[in-house]
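Following: one structure in structure tokens, then a few remarks.
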Amino acid sequence: QAKRGGRLWLGYTPELDQGLRSRLEALQRLRGALKKKQIQPYFQPIVELRSGVRWGLEALARWVGEGLPPDLFIPLAEEAGLVHQIDRLVLCQALRLTASREERLTLNLSPRSLLDENLLRWLERVLGQWGFPAHRLWLEVTESVLMDNPVQVRARLGALKEMGLNIALDDFGSGYSSLSYLSELPIDLIKIDRRFTAGIGKSQRSEAILRSVVALAQNLGLLCLAEGVERPEQRAWLQEVGCALGQGYLFGPPQALE
Ligand code: C2E
Ligand code: CA
Ligand code: CA
Ligand code: CA
């Protein structure tokens, strides 16, 4: 019900009341889950395609128990102004859980979290609290925030880089895809959206785009990662064109750390 509610509430349909109710209900449950820390990080491996060695882990939010999947509760939280709390909770727990491992960690930051004026102070505090070295942390941001707030974002990313953190551009190719900011902003890693990986062996367009983005990343001296690698043929193809990193069910789903 809540699943449909998130989509229905904008439309003037007979289900409007029902949709609105279940959306409010889901929001209330989400607030409760945040209080009880029922939003927790799962971890998905990121792998070096050439060697097969694990490069790092991406932390992904999960609502444990009777919760909704992230595809539903993250957009809901974004609309309601709660995503910022999710990001902080996931970040804090992920740092705590992985601090003792000598491993890279990537984390998703919503636009609101990235632009939050207290972000830097807060990051410094939690990194210190868990003894987590800044250079092992990679923050994933999306294209839309770069396009919507270019001046603020440039300053913010620069400050994060100065702290020693690394920046990844998430879901590359899924949105605006202006190439100009790739050379202008301090980005370290491009994560190519999984729709392109899905087109390997099926769509010449997807393959052409993948080849171009990998070449572009190489020319700009950026790391490149393909999302959604599910089959050995996709991995082999990506390796062949020189994509350095991969992430997807082929290497492992997101799961609890243990
Ligand atoms: P994302 O950042 O693009 O994360 C990758 C998504 O692809 C994850 O979905 C992951 O489970 C899924 N995935 C990984 N490998 C494969 C594969 O081989 N095939 C397919 N079909 N899917 C794969 P998930 O965990 O449902 O998260 C959905 C989105 O929610 C994430 O997309 C991210 O945008 C957002 N999200 C998750 N956690 C957080 C968070 O803590 N903060 C914020 N702001 N957003 C988050
Ligand atoms: Ca991500
Ligand atoms: Ca992504
Ligand atoms: Ca995403």
In the neighbourhood of P186 defined by beta carbon distances under 13 Å, the net charge of the other residues (Lys, Arg +1; Asp, Glu -1) is 0
Distance from the stretch 216-258 to the stretch 85-121 (C-alpha centre basis), Å: 22 Å
Per the Kirkwood formula on distinct C-alpha pairs, the Rh of the stretch 57-147 is how many angstrom? 13.8 Å
From zero outward in steps of 10 Å, how is the percent of C-alpha pairs of the stretch 106-258 spread across the bins? 10, 38, 33, 16, 2
In degrees, nearest 10, range 0 to 90: what is the angle between the Cα axis of helix 70-80 and the longest Cα principal axis of the chain? 60 degrees
Spatially close lysines, pair count over the chain: Cα under 24 Å, gap of eight or more or interchain: 5
Taking a probe of 1.4 Å and leaving out DNA, RNA and ligands, the chain shows per residue an accessible area in Å² of 51 Å²
Of I192, I46, I209, the most mobile residue in a GNM of the chain (C-alpha springs, cutoff 10 Å) is I209
In a GNM of the chain with a 10 Å cut-off on Cα contacts, which of K191, K161, K36 has the highest mean-square fluctuation? K36
Dipole moment magnitude, nearest 20 debye, the chain about Cα centre, only Lys, Arg, Asp, Glu C-beta charged: 520 debye
Expressed in Å to one decimal, the Kirkwood Rh of the chain from all distinct alpha-carbon pairs is 19.3 Å
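The values are calculated or read from the model by the stated rules, or taken from the named source; none is laboratory data. These numbers come from a predicted model, not from an experiment. FYI the Cβ positions are ideal-geometry reconstructions off the backbone, even for glycines, and counts take in every protein chain you see. Heads up: the accessible areas ignore ligands, DNA and RNA and are worked out on the full protein's heavy atoms, side chains in. Shrake-Rupley method; radii C 1.70, N 1.55, O 1.52, S 1.80 Å.
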